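The values are calculated or read from the model by the stated rules, or taken from the named source; none is laboratory data. Because the structure is predicted, anything quoted here is derived from the model rather than measured. Glycine also receives a Cβ, built like all others from the backbone with ideal geometry; neighbour counts cover every protein chain displayed. Note: areas computed on protein heavy atoms with side chains; ligands, DNA, RNA excluded. Shrake-Rupley method; radii C 1.70, N 1.55, O 1.52, S 1.80 Å.
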Amino acid sequence: MSWQAYVDNNLVGTGSITKAAIYGAQGGVWAASPGFALQGNELETLIRAYQDPTDIRTNGLHIGGVKYFALNADQRSIYGKQGAGGVVCVKTAQAILIGLYGDGIAPGEATKVVEVLADYLISVGYVSDFPPFFN
């Protein structure tokens, strides 16, 4: 399965995520919903936050040009809230999964979708040093 299929089917296709992307943990976009992209240094800030979340706890988390209040930040998962929506970011060995959700979607539903996909990728041993070739 291509990375775009994971975004389209396993994240957005659930109805619990409105936009999503998969980025490399070292940088670079692997797949994304149409019209969704990190801007400027947002990816670098997100990557640093997995090691030291002090900055996003103080200044918020910016994803796609939107500022989110950081609710949770640890070495695996970062959750943010903005108005009636939010963001769920989960890091695996080589990828960062990002899911946005909007009004009418329970944060727990969105969180579960992104976390379950991350668990799946971890369970199949996705530890490649390079993004895979697309099918």
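So the values come out like this:
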| item | result |
| --- | --- |
| Computed magnitude of the charge dipole of the chain (debye, nearest 20; Cβ of K, R +1, Cβ of D, E -1) | 160 |
| Computed FRET value (nearest 0.05) for GLU44 with VAL66, which takes r as the C-beta separation and R₀ as 22 Å | 0.85 |
| Per-residue [θ]222 nm for the chain (sum of -39500 (n - 2.57) over DSSP H runs n ≥ 4, rounded to 500) | -7000 deg cm²/dmol |
| Proximal lysines relative to LYS81, as straight alpha-carbon distance under 17 Å, when same-chain residues fewer than 8 apart are discounted | LYS19, LYS67, LYS112 |
| The range 71-122: relative contact order as a whole-number percent, Cα under 8 Å and 6+ apart | 27 |
| Carbon and sulfur %, accessible surface of the chain computed with the full protein complex present, 1.4 Å | 54 |
| With at most 16 neighbouring Cβ atoms within 10 Å, loop chymotrypsin sites (Phe, Trp or Tyr not before Pro) (DSSP) excluded, longest segment of the chain | 1-125 |
| Those residues of the range 14-42 whose amide nitrogen sits under 16 Å from the label point placed on GLN82, 7 Å along Cα→Cβ | 18-21, 33, 35-42 |
| Positive-end residue, the chain charge dipole about Cα centroid, Cβ charges, pick of PRO53, LEU11, VAL116 | PRO53 |
| In range of the label at THR54: residues from the range 67-102 whose backbone nitrogen is under 17 Å from the point 7 Å along Cα→Cβ | 73-75 |
| Accessible surface, the chain, averaged per residue in Å² (probe 1.4 Å) | 50 |
| Cα Rg, Dmax (largest Cα-Cα span) when computed across the range 28-96, Å | 11.3, 31 |
| Where Rh is the Kirkwood radius over Cα pairs, Rg/Rh for the chain | 0.93 |
